[in-house]
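What follows is a set of notes on a single structure, which appears directly below.
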Amino acid sequence: MFDVPRYTTRQVAEQIGLELQLALWTALDHRAEQGQELDYLQVFELSVEWVDGEPLQKVINQQEQPQYEVSFYVNGVETPLDGVTLWLIDSEEYCTLLFPHEY
């Protein structure tokens, strides 16, 4: 799963930095390499967490089947995003990173 051509929507490409996009794909690749079962729909919730006066990009990755949730931080994000949700959907022909309202 998720081992097919990968795309982002125009809105995601314009509003989400490439470094953050790549971090989301890499996190998913890492889970697949560990042999974790992946749902066709991955949800990423972005928020800002302040540590020692510095904003960090926090990401919560969730899926429904099997139920799974993990949080991690992405270093080096110049302007961390808060209150943003992204979906990563695998159609088995291609994968798309998009905002929920674009579905």
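The values are calculated or read from the model by the stated rules, or taken from the named source; none is laboratory data. If you're wondering where the values come from, they're calculated on a predicted model, not measured in any experiment. Please note: Cβ atoms are built from the backbone with ideal geometry, for glycine as well, and neighbour counts cover all protein chains shown. Just so you know, the surface numbers come from the protein's heavy atoms only, side chains and all, with ligands and any DNA or RNA stripped out. Shrake-Rupley method; radii C 1.70, N 1.55, O 1.52, S 1.80 Å.
Being open to solvent by less than 40 Å² (accessible area, probe 1.4 Å) and of a type in the set (Gly, Ala, Ser) is the filter here, so list the residues in the stretch 37-60 that pass it.
Across the stretch 37-60, the qualifying residue is only 47.
Find the residue count for the stretch 1-47, including only residues that are assigned to a loop (DSSP other than H, G, I, E, B) and touching a residue at least 60 places away in the same chain (Cβ under 8 Å).
So the count comes out to 7.
Suppose we filter the stretch 48-80 for residues that are in contact (Cβ under 8 Å) with a residue 12 or more places away in the chain and over 12 Å from the mean Cα position of the chain (by Cα); how many remain?
14
Tally time: how many residues in the stretch 1-26 are of a type in the set (D, E, K, R), surrounded by 13 or more Cβ atoms within 10 Å (Cβ to Cβ) and under 24 Å from residue 39 (Cβ atoms)?
The total comes to 1.
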